[in-house]
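Okay, so here's the structure we're looking at.
The values are calculated or read from the model by the stated rules, or taken from the named source; none is laboratory data. Just so it is clear, the model here is predicted, and its values are computed rather than measured. FYI the Cβ positions are ideal-geometry reconstructions off the backbone, even for glycines, and counts take in every protein chain you see. These area figures cover heavy atoms from the full protein model, side chains too; ligands, DNA and RNA do not enter into them. Shrake-Rupley method; radii C 1.70, N 1.55, O 1.52, S 1.80 Å.
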Amino acid sequence: MQGQAQQQAYDRGITIFSPDGRLYQVEYAREAVKRGTASIGIRTAGGVVLAVDKRIPSPLLEDSSVEKIHKADDHIGIASAGHVADARQLIDFARRRAQVNHLRYGEPIGVESLTKEITDHIQQYTQVGGARPFGVALIVGGIENGEPRLFETDPSGTPYEWKALAVGAERGELQGFLEDNYDEEADLDSGVALALEALASVNDDSLLPTEVGLATIDAETESFVQFDDDRIEEYLVENELLDEGDDEDETDE
């Protein structure tokens, strides 16, 4: 009981370290990320792939209103896991920083530079009283000097660079799948297939186009492209991952 009371005292304020050097509010923010649906980023020789699980809680909800992939600049995309409202604030911040770089220097912002500006902003909320950390993790992918780059932001404000990663729910299983199947020399289409296969591996090996978000940033054109449901369905059919349960129900009727 005494240990629990001490923990409660230290997790009341974000600015207070516990005796063992922990910031409990940051750890709680990481738990919020784990409760969010999964997002995946894959760096390939041909560009970057971003894929997200958009589970729709009700058939009455417009699936287009569930936004987990965002365009930050023409050459940079961001996927999120965790609190969507927190993600929107960070996306808006990232877009402003990208625009400022264009106006000030007349050139696109670097992927690494943008990621570090985002994490610097996140870090401020780990040492200011009266505020809480952002309960979201971002996957920032894009093209820098012709090379694909892929980064993760943590609620503590730490950036990590990856070849492939997953954040959100079932991260352990997804990360294990990526580690077993990742090919650094794969092209962009192979990266898309790997991302969809990873999501399907934790969803009964099948997916619906309306419950998946998909985008790529091509290394050659340096352009962000977000796929619509029809194109996602084509990829699912091509890789034999399409959930055909609804089609069978319609046939029975």
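With all protein chains kept in place, the per residue accessible area of the range 30-128 amounts to 49 square angstrom at a probe of 1.4 angstrom.
Taking all C-alpha pairs of the range 54-187, those more than 17 Å from each other amount to 63 percent.
When the square roots of the Cα gyration tensor eigenvalues are ordered a ≥ b ≥ c, the ratio a/c for the range 11-127 is 1.5 or more and a/b does not exceed b/c, which makes its shape oblate.
Within the straight-line cut-off of under 19 Å between alpha carbons, the lysines reachable from Lys116 are Lys71, Lys163, sequence neighbours fewer than 8 places apart in one chain being disregarded.
Eigen-decomposition of the gyration tensor built on the alpha-carbon atoms of the chain gives equivalent ellipsoid semi-axes of 32, 24, 16 angstrom, largest listed first. Within the accessible area of the chain, the carbon and sulfur atoms contribute 43%, probe 1.4 Å, all protein chains present. Computed from the C-beta positions of Glu27 and Asp189 and an R0 of 51 Å, the FRET efficiency is 0.85 to the nearest 0.05. Of the residues Thr126, Ser39, Ile76, the one whose Cα sits farthest towards the positive end of the charge dipole of the chain is Thr126 (charges of +1 on Lys and Arg Cβ, -1 on Asp and Glu Cβ, taken about the Cα centre).
Determine the shape class of the range 115-245: with a ≥ b ≥ c the square roots of the Cα gyration tensor eigenvalues, call it rounded for a/c under 1.5, and otherwise prolate if a/b is greater than b/c, oblate otherwise. In terms of gyration-tensor shape, prolate. Once the Cα atoms are used to define both axes, helix 24-34 deviates from the longest principal axis of the chain by about 10 degrees. In the chain, helical runs assigned H by DSSP with n ≥ 4 each contribute -39500 (n - 2.57); averaged across all residues and rounded to the nearest 500, the mean residue ellipticity at 222 nm is -12000 deg cm²/dmol.
In plain terms, the C-alpha convex hull of the range 47-97 casts an average shadow of 4.2 nm² when viewed from every direction. Build a GNM of the chain with springs between Cα atoms under 10 Å apart, and of Arg12, Arg30, Arg171 the one that fluctuates most is Arg12. When +1 charges are put on Lys and Arg Cβ atoms and -1 charges on Asp and Glu Cβ atoms, the dipole computed for the range 126-253 relative to its Cα centre reaches about 1520 debye.
Extension gain for the segment Ser113 to Arg35, taken as residue separation times 0.36 nm less the Cα-Cα distance, is 25.2 nm to one decimal.
With a Förster radius of 51 Å applied to the beta-carbon distance between Asp218 and Asp11, the computed FRET efficiency rounds to 0.70. Full extension of the chain between Leu60 and Glu234 gives 60.2 nm of extra length, using 0.36 nm per residue less the Cα-Cα distance.
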